[in-house]
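A short worksheet on the structure shown next.
The values are calculated or read from the model by the stated rules, or taken from the named source; none is laboratory data. Note that the structure is a prediction, hence the values are computed from the model and not measured. Counting neighbours? That spans all protein chains shown, and the Cβs are built from the backbone with ideal geometry, glycine included.
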There are 2 protein chains.
Amino acid sequence: MGLLSAVKRILVGKPIHTKHAHHERLPKVFALPVFASDALSSVAYASEEILTILVFGGMLGFYKLVPVSLVLVALLWVVVFSYYQTINAYPQGGGSYRVSSENIGSLAGRVAGASLLIGYVLTVAVSVSAGAAAITSMFPQLQPAGTAIACAGVAILALLNLRGAKESGIVFAIPTYGFVLALVGMVAYGLFKASTGVGPVPPQLPEQTKDVTWVFLIAAFARGCTALTGTEAIADGVPAFKAPEAKNAATTLVMMAGLLTVLVIGISWSAQHFGVVPMEFGEEGYRTVVAQIASTLFGNSPIFFFVLSMTALILFLAANTGFADFPRLSQFIAKDGYLPRQLMSVGDRLVYQNGIITLAVVSIALIIVFKADTHSLIPLYAAGVFLSFTLSQAGMVMRFVRLKQVGWKAGISLIGAVTTAAVTIILLVTRFTEGAWILVVAIVLMMGVMAGIRKHYDYLSRELSVGPDDSVREVKTTVLLLVPRLHRGILKAIAYSQSVTNDVRAIHVTLDPASVGKIKEDWNRFGADIPLVILDSPYRSFIEPIINYIDQTVAEDPSVMVTVIVPQAVPKFWWHGLLHNNAAVPLKLALQSRRNVVITNVRYFLR
Amino acid sequence: MGLLSAVKRILVGKPIHTKHAHHERLPKVFALPVFASDALSSVAYASEEILTILVFGGMLGFYKLVPVSLVLVALLWVVVFSYYQTINAYPQGGGSYRVSSENIGSLAGRVAGASLLIGYVLTVAVSVSAGAAAITSMFPQLQPAGTAIACAGVAILALLNLRGAKESGIVFAIPTYGFVLALVGMVAYGLFKASTGVGPVPPQLPEQTKDVTWVFLIAAFARGCTALTGTEAIADGVPAFKAPEAKNAATTLVMMAGLLTVLVIGISWSAQHFGVVPMEFGEEGYRTVVAQIASTLFGNSPIFFFVLSMTALILFLAANTGFADFPRLSQFIAKDGYLPRQLMSVGDRLVYQNGIITLAVVSIALIIVFKADTHSLIPLYAAGVFLSFTLSQAGMVMRFVRLKQVGWKAGISLIGAVTTAAVTIILLVTRFTEGAWILVVAIVLMMGVMAGIRKHYDYLSRELSVGPDDSVREVKTTVLLLVPRLHRGILKAIAYSQSVTNDVRAIHVTLDPASVGKIKEDWNRFGADIPLVILDSPYRSFIEPIINYIDQTVAEDPSVMVTVIVPQAVPKFWWHGLLHNNAAVPLKLALQSRRNVVITNVRYFLR
């Protein structure tokens, strides 16, 4: 076993037998944390996002936080009811890619697929960055290392997923329920304090620079939409529930929406009541809004650390759902021929390792470019998610129409589709210059790439399919054995050449005509029955004379396959190879485009 | 012609026929600039080096600049007289590597070789950095780009040398004579000014922190020794002179020493008389000492720019001599088996391209690490040069002894050897912590690497030499043809396999037992007479079952060579290949250490 394999074994673990592939069925109490961590964790940054706009509206703006959050919650329930129907319609799992492909068409499916894939990348980048922000809020001295912490987080998640981390309920349950407990407790303690007459604390606001108009409020609302990311997860994962799957999944969805409602309104109310103003990311001593609320209520006590630790943990879990979903979806799309086949290959740990690695690389790149700043990443995020919501709901509407089930159910889906479409447009417009344009460019690019990939695979299957006229046509083989000088390694190559064909020619390229006599003499000792061809090289290239001779040989008889045999001494340690001239590599490059030519290394192992 | 070759052709030019190899013979007037640019250019930084120490001795220290320079000149003539003898003893060229190898022994030769190679790298790094400093002295706004300018300079020199820049006399003559003219003119104008009563200008010195002791003066002298680097060049290049070679070379050497004497004393006197104090490198508005003298005398006039342009030009020329010498010397050492053979290969432009590239990469790395600061690079430089001087002179002494020519000539060489040995020790001791330790480490490392390389080549020639018992032993070939699925490309591979041997077996690795029936059916259409082996893969690896089967086949009959044939579809554009699974690469890696196994790609070209 080589060094590389050994390192891989240590990091990733031993191969797992196919028979161990299995699908755990989750009861609701465990399914909730597994599928809801992504959605629930968004409350760690959603209120802060809204406030970053509202503060420019002065006091009047600031106190719009709770009203805006209430509108958000209304939107949440519209989306939830739409997905409630999807769950019942697709008990085998109704991801946006599938629902829109089946009901609207392949193009819509690909748009949904592209925006979902981008969404998963951003789930990872945003959640891990927010998790790093929670950590640096606890330990301000780590602030300069924020980007490094986030990148390390992604790397660790990638490694765990390459090992094949089972989505085991218990691992998810502790941080998710811990987070809910911590935040609900914090809000409750805040309410208790308020009831004892603490606050409202007037916020320390920057100068008012914007009027509180409708446009202003819509922009603030758009920022908050990030709270809804992740709500589709339960609909995607119905088959993982215990029977009756659809019913349990639907119930869990409603439970999740209830928790999300309490948390969004609770955090927004707390921020508003205790006058918490968001800080500039990267500013000395930056703390998230949640960290500021916790610090206001609990000071530097262990409870403060509990709240933030749970926040960091659930955010890393949320990122982990990206690692579960991205490889699975990209594998689906690859099966349809729109992404590289390599994404379909299941590794020796029963995971789609190529998808995991792709996701990790892209999200680490994003984190580095955006310096792990959630505020700059989110504009790329929400619009894509809402686009896939829209396509999914629109797909449901088409389905109801197709099945002629036009009634109140179709109405709900229609409301969902129209609402999420409107939000998508709002998000694209209000955040276009802040980063949503990148999303648009990325989706358009991915559509182009996907179309190109499918085109290539179609062409490949056309080209490679065996037709009625195809047959095995007999060929002859001519071996050209390269002989730089006579050494022991050549003997093996001579034997091999003679075992392959009767038509062997030895080729020697000479830079120095004076040495030809010696080569000929040496050759006669062992290769007497093989003709030796001496090639001159006026330009001192070893490659060009050989190429020319090969071209000549091929031209002589097009039915002949020319096998070029390059004898190669293999040293005991690979770095010794750096001291050898290795003609095979440039020769292979040069022969790349030649038909009817095959290159073979015959290796001679040094003791 | 591929894209890469096209780029290479544009940058490097067309191949040159061997018959065009030639050696230009230079008359003295052209030989002087070609061989003396390195030595003469050192005056651009030598006085500054001395002053960086002397200023710590206050006024008393500062006014030791001219006396220290006089000692330096005395040392110069000792070295010059020694080399004068070398020229006469070695009219075919008496490089330090050769003289010490022949007269002291291989080990001494290698020490000289290692220190020379390091010296050439530093010639490039120091000269180009000093050239960049001359440019930024002219245009202070370019100061932040100093390192980039130096790196670009090295890259351009490398490219010119890869094209095979002839050391054409005229190209060297203009900047070298221009530089001499500019500096001699500057010194003369300074003398004239002084004679009209300008100065001496009292220097603005930092606080005195050191006493002007002997140790202090020796340290200052050691810094100045960098002025002598490059004096060996003429002795190395005797064969390039017009006949009588030795006589002409010796005369040129004396001419060079004369010019160097005038310049060193002239610049030191000017700096001292006009009170020029060296600035801190990297400090805002940094100017070299030569630039400060020129600016004091000529202000911002065109003459100032002429002096500095000539300085920059000669420094780049000096770096170019590194590019001429390093590849030539490394090729000599490689011929003796102490460096990789690749350094001996003459490229299609008749140059040792691998040596040129190595030199460029290493010196760019040095420039980046030392931020193109000549003051930090020089401590690594002079000691190595003086070590090779010492070994060369010691070799001459041994030669006189061997030839029983013990007389005044041997005496001169002995004085040279002892003096340069003393200076080497002074340089190592006084500058050890400033960087000379890196030189020591580098030489020791290189000695180890050179010994290791020679050992490997010796072992290689032992292992590969054909003994009396060696003979071509007949082998049989078994072909294992990998069949992922039946497609048109396979047909060609079947034909090829059958042309190679009668013992062909088709191998199919299956992840899904359900698909086996289809493969068998397909196979019977075309491969009826070839047995199809189906391999199970419980761990979903395509590679492992194949490896196991190969090992089994080899074990069955050790006289059999197993040829693994991997059919490969070659797309029209290489990037399409990214969309294909390519089994050959991991298979090759895995089979790396297996004997009696040969892997062959049979390619099928897509239209």
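Among the residues of segment B:517-549, count how many are within 14 Å of chain A (Cβ to nearest Cβ) and either of a type in the set (D, E) or more than 18 Å from A:G347 (Cα to Cα) (or both).
Number satisfying all stated conditions: 15.
One residue is enough: does segment A:81-92 have a residue meeting the conditions within 18 Å of A:G416 (Cα to Cα), in the same structural domain as A:A324 (by TED's automatic domain parsing) and not in a helix (DSSP H, G or I)? Break it down into steps so the answer makes sense when it comes.
In the first step, residues of segment A:81-92 are kept if they are within 18 Å of A:G416 (Cα to Cα); the result is A:81-90.
From the residues that got through so far, the ones that are in the same structural domain as A:A324 (by TED's automatic domain parsing) too are A:81-90.
Okay, now just the ones that are also not in a helix (DSSP H, G or I), so A:90.
The answer is yes, given that some residue of segment A:81-92 is within 18 Å of A:G416 (Cα to Cα), in the same structural domain as A:A324 (by TED's automatic domain parsing) and not in a helix (DSSP H, G or I).
Looking only at segment B:462-506, how many residues end up being acidic (D, E) and surrounded by fewer than 16 Cβ atoms within 10 Å (Cβ to Cβ)? Lay out the reasoning, then the answer.
The initial filter retains those residues of segment B:462-506 that are acidic (D, E), namely B:463, B:469-470, B:474, B:503.
With surrounded by fewer than 16 Cβ atoms within 10 Å (Cβ to Cβ) added as a condition, the list becomes B:469-470, B:474.
Going through segment B:462-506 one residue at a time, the tally reaches 3.
Do you know which residues across segment B:341-376 are under 29 Å from B:G282 (Cα atoms) and without any contact (Cβ under 8 Å) to a residue 40 or more places away in the chain?
If the condition is that a residue be under 29 Å from B:G282 (Cα atoms) and without any contact (Cβ under 8 Å) to a residue 40 or more places away in the chain, then B:T358, B:V361, B:A365, B:V369 are the ones that fit.
Just to be sure before I move on: is A:D325 surrounded by fewer than 20 Cβ atoms within 10 Å (Cβ to Cβ) and either closer than 20 Å to A:D236 by Cα or outside the structural domain of A:I234 (by TED's automatic domain parsing) (or both) in the structure I sent? It would help to see each step written out before you state the result.
Numbers: surrounded by fewer than 20 Cβ atoms within 10 Å (Cβ to Cβ): no; either closer than 20 Å to A:D236 by Cα or outside the structural domain of A:I234 (by TED's automatic domain parsing) (or both): yes.
No; evaluated as a whole, the condition is false for this residue.
Evaluate segment B:156-163: report whether one residue or more is surrounded by fewer than 23 Cβ atoms within 10 Å (Cβ to Cβ) and over 19 Å from the mean Cα position of the chain (by Cα).
no
Say we look at segment A:461-510 and pick out the residues that are assigned to a helix (DSSP H, G or I) and in contact with a Pro (Cβ under 8 Å, 6 or more places away or on another chain); which of these is nearest to the other protein chains (Cβ to nearest Cβ)?
This residue is A:G489.
Which ones in segment B:279-304 are farther than 26 Å from B:V198 by Cα and surrounded by fewer than 18 Cβ atoms within 10 Å (Cβ to Cβ)?
The answer is B:E280, B:G282, B:E283, B:E284.
So the check is Cβ under 7 Å with 6+ separation or different chains; which pairs have a first residue in segment A:497-523 that's closer than 24 Å to B:V598 by Cα and a second one that's assigned to a helix (DSSP H, G or I) and among the aromatic types (F, W, Y)?
Partner pairs satisfying both residue conditions: A:A506/A:W523; A:I507/A:Y549.
Based on what the data block shows, is B:I357 under 11 Å from the mean Cα position of the chain (by Cα) and surrounded by fewer than 20 Cβ atoms within 10 Å (Cβ to Cβ)?
yes
Within segment A:335-370, work out how many residues are at the interface with chain B (Cβ under 10 Å from one of its Cβ atoms) and part of a helix (DSSP H, G or I).
Number of matching residues: 3.
Taking the condition within 30 Å of B:T147 (Cα to Cα) and among the hydroxyl-bearing types (S, T, Y), does B:T424 pass?
For B:T424, the condition - within 30 Å of B:T147 (Cα to Cα) and among the hydroxyl-bearing types (S, T, Y) - is met.
Out of B:L107, B:L11, B:L32, B:L76, I need the residue that is within 23 Å of B:F326 (Cβ to Cβ), part of a helix (DSSP H, G or I) and modelled with pLDDT of 90 or more. Which one?
B:L107
Looking at the structure I just gave you, is B:V466 under 19 Å from A:A569 (Cα atoms) and either among the β-branched types (V, I, T) or in contact (Cβ under 8 Å) with a residue 60 or more places away in the chain (or both)?
So B:V466 fits the description; yes.
Got a sec? Which of A:P27, A:P67 is in contact with a strand residue (DSSP E or B) (Cβ under 9 Å, 6 or more places away or on another chain) and more than 30 Å from B:S541 (Cα to Cα)?
Being in contact with a strand residue (DSSP E or B) (Cβ under 9 Å, 6 or more places away or on another chain) and more than 30 Å from B:S541 (Cα to Cα) holds for just one of A:P27, A:P67, which is A:P27.
Any residue at all in segment A:540-561 that's closer than 27 Å to B:L460 by Cα, of a type in the set (G, A, S) and more than 40 Å from the chain's Cα centre (by Cα)?
yes
Please pick out the residue among A:V276, A:V264, A:V307 that is touching a residue at least 40 places away in the same chain (Cβ under 8 Å), surrounded by 22 or more Cβ atoms within 10 Å (Cβ to Cβ) and not in a helix (DSSP H, G or I).
Matching residue, one of A:V276, A:V264, A:V307: A:V276.
Looking at B:L591, B:L587, can you tell me which residue is more than 10 Å from chain A (Cβ to nearest Cβ), buried (at least 18 other Cβ atoms within 10 Å of the Cβ) and either of a type in the set (A, V, I, L, M) or over 22 Å from A:A495 (Cβ atoms) (or both)?
One residue alone meets the criteria, B:L587.
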